[in-house]
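Since the structure comes first, as structure tokens, the remarks are kept for the end.
The values are calculated or read from the model by the stated rules, or taken from the named source; none is laboratory data. Owing to the predicted nature of the structure, the values given are computational and were not obtained by experimental measurement. Glycine gets a Cβ as well: all are built from the backbone with ideal geometry, and neighbour counts include every protein chain shown. The area values use the complete protein model at the heavy-atom level, side chains included, leaving out ligands, DNA and RNA. Shrake-Rupley method; radii C 1.70, N 1.55, O 1.52, S 1.80 Å.
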Amino acid sequence: MIKVLLADDEDLVRSGLRMILSSVGDIEVVAEADDGHLVADLARQHRPHVVLLDIRMRTSDGLVALRRLRTLPDPPRVCILTTFDVDEYVSEALRLGAAGFLLKDTEPEQLVKAVRDLARGGAVLDPGVAARVLAAVADGERMAEPARRLLQSLSEREREVLVLIGQGMSNAEIGGTLHLSEATVKGYVSSVLGKIGAVNRVQAALVAYRGGLIA
């Protein structure tokens, strides 16, 4: 059973997420928070595998919660809930190790898939917000040259895989696009992350944007 903690200060959003996730047999919503200050304590108590975290909350924002979650002995995978109105919060969330970004109105099937992927140790980036998220945190020319140097270490096939990662594709989707097995894609993804020093797929995609691999 995948245990999930929901953190959003809007009751309606939490209710909708809970209804979707509770409708499948392998996911359980074990706790909810309407304030960032509550998230770490609830995570310590309920030990969720995944936290869906609103980046903006009234009393204490999601970044406060993310910083505190990182200090736990076995921190959960954290996915940021966002809108098309992304801003400087996103850059800090990436730096703090957020494993993904999802739109609050993500389709139910995509939400369930994202939670399962996160629980397996993956990272998710909603295709509907990918370009906006990554463009919002790509710091222009100051970061472009270091990113380009990192990309030079990749083979042509690894570059193709990285482009598709930046488009929010899963390993299975990348395999279908490039006519490769999912196991082969997994190997390429691991190699890409290692070569460019990214801890997850979202950070890898950010390097691709900064280096000009993705327009």
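Observations on the structure shown:
- Shape call, the range 2-136: gyration tensor on alpha carbons, a/c limit 1.5: rounded
- Those lysines that a straight Cα-Cα span of less than 20 Å connects to LYS3, excepting residues fewer than 8 apart in one chain: LYS104, LYS113
- Near ALA123, the amide H atoms lying under 5 Å from its own belong to ARG201; only residues 5 or more places off or on other chains count, and H is placed 1.01 Å from N.
- Residues whose amide H falls under 5 Å from that of MET57, counting only those 5 or more places apart or on a different chain, are GLY62, with hydrogens built in the peptide plane.
- Between SER190 and THR83, the FRET efficiency estimated from the beta carbon spacing at R0 = 35 angstrom works out to 0.65.
- Accessible area of the range 1-76 divided out per residue, in Å², using a probe of 1.4 angstrom: 50 Å²
- For the chain, relative contact order (Cα pairs under 8 Å, six or more residues apart, normalised by length) works out to 16 percent.
- ³J(HN,Hα), Karplus 6.51/-1.76/1.60, whole Hz, each residue of the range 22-35, x for Gly, Pro: 6, 7, 10, x, 9, 10, 10, 7, 9, 6, 9, 9, 10, 8
- Note on ARG95 and SER23: with the Förster distance fixed at 41 Å, the Cβ-Cβ geometry gives a FRET efficiency of about 0.75.
- Anisotropy class of the range 1-78 from Cα gyration tensor, a/c 1.5 cut: oblate
- Distance (nanometres) between label positions extended 7 Å along Cα→Cβ at ASP105 and ASP11: 2.3 nm
- Here the accessible area of the range 2-136 is 49 percent carbon and sulfur, with a 1.4 angstrom probe and all protein chains present.
- Potential lengthening of the chain between HIS179 and GLU156 amounts to 6.8 nm, from the contour at 0.36 nm per residue minus the alpha-carbon distance.
- For q = 0.12, 0.24, 0.26, 0.27 Å⁻¹, Debye-computed log10 I/I(0) when each Cα of the range 140-211 counts as one equal scatterer: -0.27, -1.02, -1.18, -1.25
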